[in-house]
1. Check every one of the helices (runs of 4 or more DSSP H) wholly within the range 162-238 and list those with 3 or more residues that are more than 28 Å from Leu118 (Cα to Cα).
2. Say we look at the range 21-48 and pick out the residues that are touching a helix residue (DSSP H, G or I) at 6+ places or on another chain (Cβ under 7 Å) and small (Gly, Ala, Ser); which of these is surrounded by the fewest Cβ atoms within 10 Å (Cβ to Cβ)?
3. Starting from the range 35-60, keep only residues that are more than 16 Å from Ala250 (Cα to Cα), then list their pairs with residues that are in a loop (DSSP other than H, G, I, E, B) whose Cβ atoms are within a distance under 7 Å, requiring at least 6 positions of separation or different chains.
4. Step by step: first the residues of the range 77-93, then only those that are in a helix (DSSP H, G or I) and free of Cβ contacts under 8 Å to residues at least 60 places away in the same chain, then the one that is farthest from the chain's Cα centre (by Cα). Which residue is that?
5. Looking at (1) closer than 21 Å to Tyr135 by Cα; (2) assigned to a helix (DSSP H, G or I), which one does Phe35 not meet, given that it meets all the others?
6. Test Tyr116 against the stated conditions and say whether it is in a helix (DSSP H, G or I), touching a residue at least 40 places away in the same chain (Cβ under 8 Å), of a type in the set (Phe, Trp, Tyr) and touching a helix residue (DSSP H, G or I) at 6+ places or on another chain (Cβ under 7 Å).
7. Restricting to the range 45-75, give me the number of residues that are among the small types (Gly, Ala, Ser) and either closer than 15 Å to Tyr135 by Cα or at pLDDT below 95 (or both).
8. So which residues in the range 142-164 are aliphatic (A, V, I, L, M) and modelled with pLDDT of 95 or more, if there are any at all?
Amino acid sequence: MTATGPGRDWYERAGVRSDPRRVLAGELDEGRLFFPPDLVPCLAHPAVAALPPERHTELLARHLYHYLGFTAQFETRVVNRATDAIAGGRSGLDLPTATRLDAYRIYVDEGYHSLYSLDVVDQVSRASGIAPAPYDFAPFLRRLDDAGARALPGERRLAQLLQVVVFETLITAILCDVPKDERVLTLVRDVVRDHARDEGWHHAFFSGFFRDLWAGQDAARRGRIARCLPELIRSSLLPDLRPVRASLTAAGLTPRQAEEVVHDTYPAHKVDRDVRTASRHAVRLFTETGVLDADGGRTAFAEARLVDP
């Protein structure tokens, strides 16, 4: 495996090496938004639309906080635990030094993403007076780890490597759409744009890493991996509705009203459609490498509604 992106010009172009600290300017008084409303589905619900405008503002702020809080946790607690294994020579693959150096560079990138995610939350919350709610990452992490444990019992390291391959090859609307929305705070748009640029390099690295990992497996293990990947994809992309409920009740809805909003806003068919859309690049990688042709692979992907039967 050769250096696919981060190592070639990382010292000149990686965000941690070249980007300035993004600082909140005086845009709150100009009516700039904390987050694109189109990416906060519950805002369109009649029960939420009936709330006072200041509650809508708070909902957008808390959605931003949750997105950045999740990012800060995921980069260090999921991505970097696997990236550390690759960089440290504990991935189970015989990797050249150039690949391990790239993994260390990605490790640094992800730590920086976590740093500026929390920095933005701190800046925005201080300036706006809208406090972030506590966020417990543990339930999401358990869901992700349990998916790997069920499909790959006794192979925790392999499951963790696959988690990162999956997540780093997903394409979410946030990274694509937030930087384009000029209604949103420049600070937020710049940080998401910075993150998206780095993630483009990471996508290339982990796509190459998976090709090497897959090539080294025997038929039986390929089948287990193929049957594991769809559940990892869904576990990574299913919406975490706990913060949504908490934000809705903080905005003034009763717990019952909040539950109704969540039920109406996240119907199963819409969740499935969004998961399939966000996973299309990962599924294409797995299709190209022959994952769906492994024992039980196509069936598992179809049952997860990631491909047509």
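The values are calculated or read from the model by the stated rules, or taken from the named source; none is laboratory data. Source: prediction; values computed, not measured. Backbone-built Cβ (ideal geometry, glycine too); neighbour counts: all protein chains shown.
1. On the way: elements: 173-177, 186-215, 219-237.
The qualifying helices (runs of 4 or more DSSP H) are 186-215, 219-237.
2. Here the residue is Ala25.
3. Listed pairs, sorted by first residue: Pro36/Asp181.
4. Among them, the one singled out is Ala87.
5. Only one criterion is unmet by Phe35, namely (2).
6. Judged against the criteria, Tyr116 is a match.
7. Adding up the residues that qualify gives 3.
8. Residues satisfying the conditions are Leu158, Ala159, Leu161, Leu162, Val164.
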